[in-house]
Amino acid sequence: MIKIRKSDERGFFNHGWLQTYHTFSFADYYDPRYVGFSDLRVINEDFIAPAQGFPPHFHRDMEIITYVLSGELRHRDSLGNGSTTLPQEVQKMTAGRGVRHSEFSSETEKTHLLQIWIFPNEKNLPPSYEQVRIPDSEKRGKLRVIATNEKLSDAVHLNQDAAIYASILNNDEQLEYTPKDNRSLWLQLISGKLEINGQILDSGDGAAITEEKKLSVKALADNTHFLLFDLR
(Lines give C-alpha, C1' and ligand atoms only; values in the text may rest on other atoms or scores of the structure.)
Protein backbone atom coordinates (compact mmCIF):
# COMPACT_ATOMS: atom_id res chain seq x y z
CA MET A 1 0.00 0.00 0.00
CA ILE A 2 1.27 3.47 -0.93
CA LYS A 3 -0.20 6.65 0.54
CA ILE A 4 1.09 9.86 -1.03
CA ARG A 5 1.61 12.98 1.06
CA LYS A 6 1.38 15.84 -1.44
CA SER A 7 3.84 18.68 -1.15
CA ASP A 8 1.19 21.42 -1.10
CA GLU A 9 -0.67 19.67 1.72
CA ARG A 10 2.28 19.96 4.12
CA GLY A 11 2.22 22.51 6.89
CA PHE A 12 3.81 25.78 5.76
CA PHE A 13 4.99 28.83 7.71
CA ASN A 14 6.68 31.96 6.41
CA HIS A 15 8.52 33.65 9.26
CA GLY A 16 10.34 36.07 6.98
CA TRP A 17 13.82 34.79 7.79
CA LEU A 18 12.56 31.18 7.61
CA GLN A 19 10.23 29.47 5.18
CA THR A 20 9.47 25.96 6.39
CA TYR A 21 7.39 22.99 5.22
CA HIS A 22 6.37 20.32 7.73
CA THR A 23 5.63 16.82 6.45
CA PHE A 24 4.50 15.83 9.95
CA SER A 25 2.93 17.74 12.84
CA PHE A 26 5.51 20.11 14.31
CA ALA A 27 5.46 23.17 16.58
CA ASP A 28 2.29 25.18 15.76
CA TYR A 29 1.27 22.84 12.94
CA TYR A 30 -0.88 19.86 13.85
CA ASP A 31 -2.53 17.31 11.59
CA PRO A 32 -3.81 14.20 13.40
CA ARG A 33 -3.27 12.16 10.21
CA TYR A 34 0.42 13.01 10.15
CA VAL A 35 2.10 12.94 13.54
CA GLY A 36 4.95 10.72 12.35
CA PHE A 37 5.47 7.40 10.64
CA SER A 38 6.92 4.45 12.55
CA ASP A 39 9.99 5.91 14.34
CA LEU A 40 10.20 8.82 11.89
CA ARG A 41 8.90 11.90 13.69
CA VAL A 42 9.91 14.97 11.65
CA ILE A 43 10.81 15.92 8.09
CA ASN A 44 11.08 19.68 7.84
CA GLU A 45 12.18 21.38 4.63
CA ASP A 46 13.72 24.71 5.65
CA PHE A 47 14.83 27.74 3.67
CA ILE A 48 16.88 29.99 5.98
CA ALA A 49 17.77 33.55 4.99
CA PRO A 50 21.44 34.66 5.07
CA ALA A 51 22.84 35.41 8.54
CA GLN A 52 19.74 33.93 10.20
CA GLY A 53 18.99 30.78 12.13
CA PHE A 54 17.99 29.14 15.37
CA PRO A 55 19.54 30.52 18.59
CA PRO A 56 20.54 28.08 21.35
CA HIS A 57 17.70 25.72 22.21
CA PHE A 58 17.31 22.38 23.98
CA HIS A 59 16.63 18.85 22.69
CA ARG A 60 16.52 15.45 24.30
CA ASP A 61 15.79 11.82 23.36
CA MET A 62 15.88 12.29 19.60
CA GLU A 63 18.16 11.42 16.67
CA ILE A 64 18.40 14.65 14.64
CA ILE A 65 19.72 14.38 11.09
CA THR A 66 20.44 17.40 8.89
CA TYR A 67 20.77 17.05 5.12
CA VAL A 68 22.02 20.29 3.54
CA LEU A 69 20.98 20.89 -0.07
CA SER A 70 22.46 24.36 -0.67
CA GLY A 71 24.18 27.04 1.36
CA GLU A 72 25.71 26.02 4.68
CA LEU A 73 24.68 25.43 8.29
CA ARG A 74 26.87 26.52 11.21
CA HIS A 75 26.38 24.34 14.27
CA ARG A 76 27.40 25.00 17.88
CA ASP A 77 26.39 22.88 20.87
CA SER A 78 26.82 22.42 24.61
CA LEU A 79 29.13 19.45 23.99
CA GLY A 80 31.72 21.87 22.62
CA ASN A 81 31.19 20.97 18.97
CA GLY A 82 31.45 23.69 16.35
CA SER A 83 31.19 22.83 12.68
CA THR A 84 29.84 23.94 9.32
CA THR A 85 27.75 21.50 7.29
CA LEU A 86 27.85 21.93 3.52
CA PRO A 87 25.92 20.32 0.64
CA GLN A 88 26.90 16.67 0.15
CA GLU A 89 27.39 16.34 3.91
CA VAL A 90 25.16 14.69 6.51
CA GLN A 91 25.09 15.77 10.16
CA LYS A 92 23.63 13.79 13.05
CA MET A 93 23.16 14.75 16.67
CA THR A 94 22.03 12.30 19.32
CA ALA A 95 20.23 14.54 21.79
CA GLY A 96 19.99 11.76 24.36
CA ARG A 97 19.73 12.97 27.95
CA GLY A 98 19.94 16.58 26.79
CA VAL A 99 21.92 19.00 24.65
CA ARG A 100 21.66 22.67 23.65
CA HIS A 101 22.63 23.77 20.17
CA SER A 102 22.31 26.61 17.68
CA GLU A 103 22.16 26.58 13.87
CA PHE A 104 22.77 29.51 11.53
CA SER A 105 23.14 30.00 7.79
CA SER A 106 26.12 31.78 6.23
CA GLU A 107 26.41 35.56 6.25
CA THR A 108 25.77 35.83 2.51
CA GLU A 109 23.79 32.85 1.25
CA LYS A 110 20.35 31.30 1.82
CA THR A 111 20.46 27.75 3.18
CA HIS A 112 18.13 24.97 2.02
CA LEU A 113 18.01 21.78 4.07
CA LEU A 114 15.98 18.90 5.36
CA GLN A 115 15.92 18.34 9.11
CA ILE A 116 14.86 14.86 10.14
CA TRP A 117 14.01 13.54 13.59
CA ILE A 118 13.91 9.83 14.45
CA PHE A 119 13.00 8.42 17.86
CA PRO A 120 15.97 6.56 19.41
CA ASN A 121 15.74 2.97 20.62
CA GLU A 122 16.22 4.05 24.24
CA LYS A 123 16.06 7.18 26.35
CA ASN A 124 18.84 9.02 28.16
CA LEU A 125 21.61 8.07 25.75
CA PRO A 126 24.86 10.05 26.01
CA PRO A 127 24.62 13.06 23.67
CA SER A 128 26.90 12.88 20.63
CA TYR A 129 27.57 14.56 17.30
CA GLU A 130 28.95 13.40 13.96
CA GLN A 131 29.22 14.56 10.37
CA VAL A 132 30.06 12.65 7.17
CA ARG A 133 30.73 13.81 3.63
CA ILE A 134 28.87 11.80 0.95
CA PRO A 135 29.47 13.16 -2.57
CA ASP A 136 26.52 13.28 -4.95
CA SER A 137 28.55 11.09 -7.32
CA GLU A 138 28.04 8.22 -4.85
CA LYS A 139 24.24 8.66 -4.99
CA ARG A 140 23.83 8.71 -8.76
CA GLY A 141 22.02 5.71 -10.18
CA LYS A 142 21.89 3.87 -6.86
CA LEU A 143 20.65 3.92 -3.29
CA ARG A 144 23.49 5.18 -1.09
CA VAL A 145 23.11 4.61 2.66
CA ILE A 146 23.66 7.87 4.54
CA ALA A 147 22.45 6.87 8.02
CA THR A 148 22.12 3.44 9.62
CA ASN A 149 22.25 1.54 12.91
CA GLU A 150 25.22 -0.37 11.51
CA LYS A 151 28.71 0.85 12.40
CA LEU A 152 29.97 2.30 9.11
CA SER A 153 32.73 4.84 8.60
CA ASP A 154 30.99 6.48 5.63
CA ALA A 155 27.48 7.00 7.10
CA VAL A 156 26.18 8.56 10.30
CA HIS A 157 25.09 6.17 13.02
CA LEU A 158 21.47 5.90 14.20
CA ASN A 159 20.49 4.62 17.63
CA GLN A 160 17.44 2.97 16.09
CA ASP A 161 16.58 0.05 13.83
CA ALA A 162 16.38 2.31 10.78
CA ALA A 163 18.32 3.31 7.68
CA ILE A 164 18.20 6.30 5.33
CA TYR A 165 19.27 6.08 1.70
CA ALA A 166 19.82 8.92 -0.79
CA SER A 167 19.62 8.65 -4.56
CA ILE A 168 19.90 10.89 -7.61
CA LEU A 169 18.50 9.50 -10.88
CA ASN A 170 18.34 10.89 -14.37
CA ASN A 171 15.27 10.59 -16.59
CA ASP A 172 14.26 6.95 -17.23
CA GLU A 173 16.78 5.54 -14.76
CA GLN A 174 15.27 2.84 -12.58
CA LEU A 175 16.10 0.92 -9.44
CA GLU A 176 14.42 -1.53 -7.10
CA TYR A 177 14.41 -1.98 -3.35
CA THR A 178 13.19 -5.09 -1.52
CA PRO A 179 12.44 -4.50 2.16
CA LYS A 180 12.53 -7.25 4.72
CA ASP A 181 9.19 -8.60 5.93
CA ASN A 182 7.06 -6.24 8.02
CA ARG A 183 9.22 -3.19 7.33
CA SER A 184 7.76 0.23 6.59
CA LEU A 185 9.24 2.63 4.03
CA TRP A 186 8.92 6.38 3.63
CA LEU A 187 10.10 8.05 0.42
CA GLN A 188 10.67 11.81 0.39
CA LEU A 189 11.15 13.39 -3.04
CA ILE A 190 13.43 16.41 -2.81
CA SER A 191 13.41 17.45 -6.47
CA GLY A 192 12.41 16.08 -9.86
CA LYS A 193 9.61 13.64 -10.65
CA LEU A 194 9.33 9.98 -9.74
CA GLU A 195 7.18 6.93 -10.40
CA ILE A 196 7.00 4.36 -7.58
CA ASN A 197 5.06 1.15 -8.17
CA GLY A 198 2.95 2.96 -10.75
CA GLN A 199 2.21 6.09 -8.70
CA ILE A 200 3.60 9.53 -9.52
CA LEU A 201 5.38 11.82 -7.08
CA ASP A 202 6.30 15.45 -7.73
CA SER A 203 8.93 17.56 -6.00
CA GLY A 204 8.24 17.82 -2.26
CA ASP A 205 5.87 14.86 -2.16
CA GLY A 206 6.30 12.02 0.33
CA ALA A 207 4.97 8.48 0.33
CA ALA A 208 4.15 6.08 3.16
CA ILE A 209 4.83 2.57 1.88
CA THR A 210 3.65 -0.53 3.72
CA GLU A 211 3.04 -4.18 2.77
CA GLU A 212 4.83 -3.80 -0.55
CA LYS A 213 7.05 -6.75 -1.43
CA LYS A 214 9.21 -4.65 -3.72
CA LEU A 215 9.60 -0.96 -4.48
CA SER A 216 10.19 -0.13 -8.14
CA VAL A 217 11.41 3.42 -8.71
CA LYS A 218 11.70 5.24 -12.05
CA ALA A 219 12.83 8.84 -12.56
CA LEU A 220 10.69 10.96 -14.87
CA ALA A 221 13.13 13.91 -14.94
CA ASP A 222 16.87 14.45 -14.78
CA ASN A 223 18.47 14.96 -11.35
CA THR A 224 15.57 13.44 -9.48
CA HIS A 225 16.77 13.48 -5.86
CA PHE A 226 15.09 11.58 -3.03
CA LEU A 227 15.56 9.97 0.37
CA LEU A 228 14.28 6.50 1.26
CA PHE A 229 13.69 5.57 4.91
CA ASP A 230 13.63 1.90 5.95
CA LEU A 231 11.83 1.67 9.29
CA ARG A 232 10.36 -0.86 11.70
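The values are calculated or read from the model by the stated rules, or taken from the named source; none is laboratory data. Quick caveat, the model's predicted, so the values are computed rather than measured. In this analysis, Cβ positions are derived from the backbone assuming ideal geometry, glycine residues included, and neighbour counts consider all displayed protein chains. Please note that ligands, DNA and RNA were not included when accessible areas were found on the heavy atoms of the full protein model with its side chains. Shrake-Rupley method; radii C 1.70, N 1.55, O 1.52, S 1.80 Å.
Within region 158-177, residues that are under 16 Å from Val90 (Cα atoms) and touching a residue at least 40 places away in the same chain (Cβ under 8 Å) reach partners that are among the small types (Gly, Ala, Ser) and open to solvent by less than 10 Å² (accessible area, probe 1.4 Å) with beta carbons closer than 7 Å, at six or more positions or on different chains, in the pairs Leu158/Ala147; Ala163/Ala147; Ile164/Ala147. Scanning region 54-88 for residues being within 30 Å of Ser203 (Cβ to Cβ) and not aliphatic (A, V, I, L, M) gives a total of 16.
Can you say whether Glu122 is at pLDDT 95 or above, crowded, with 18+ Cβ neighbours inside 10 Å and of a type in the set (D, E, K, R), as far as the supplied structure shows? Spelling it out, it is not the case that Glu122 is at pLDDT 95 or above, crowded, with 18+ Cβ neighbours inside 10 Å and of a type in the set (D, E, K, R). In summary, Lys180 fulfils each of the numbered conditions (1) touching a strand residue (DSSP E or B) at 6+ places or on another chain (Cβ under 8 Å); (2) more than 27 Å from Phe26 (Cβ to Cβ) with the single exception of condition (1).
Can you tell me which residue is most open to solvent (accessible area, probe 1.4 Å) among those in region 194-231 that are touching a helix residue (DSSP H, G or I) at 6+ places or on another chain (Cβ under 8 Å) and not in a strand (DSSP E or B)? Ranking the qualifying residues of region 194-231, first place goes to Ser203.
Residue-wise test of (1) open to solvent by less than 50 Å² (accessible area, probe 1.4 Å); (2) aliphatic (A, V, I, L, M); (3) assigned to a strand (DSSP E or B); (4) closer than 17 Å to Pro120 by Cα.
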{"position": "Val132", "(1), (2), (3), (4)": "yes, yes, yes, no"}
{"position": "Ser137", "(1), (2), (3), (4)": "no, no, no, no"}
{"position": "Lys142", "(1), (2), (3), (4)": "no, no, no, no"}
{"position": "Ala147", "(1), (2), (3), (4)": "yes, yes, yes, yes"}
{"position": "Glu150", "(1), (2), (3), (4)": "no, no, no, yes"}
{"position": "Ser153", "(1), (2), (3), (4)": "no, no, no, no"}
{"position": "Asn159", "(1), (2), (3), (4)": "yes, no, no, yes"}
{"position": "Ser167", "(1), (2), (3), (4)": "yes, no, yes, no"}
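Of note, Lys123 satisfies the criterion of being in a loop (DSSP other than H, G, I, E, B), within 18 Å of Arg41 (Cα to Cα) and among the basic types (Lys, Arg). Screening Ile48, Ile65 for residues that are within 22 Å of Ser184 (Cα to Cα), under 18 Å from the mean Cα position of the chain (by Cα) and at pLDDT 95 or above leaves exactly one candidate, Ile65.
With respect to the conditions (1) at pLDDT 95 or above; (2) over 19 Å from the mean Cα position of the chain (by Cα), Ile209 falls short on a single one, namely (2).
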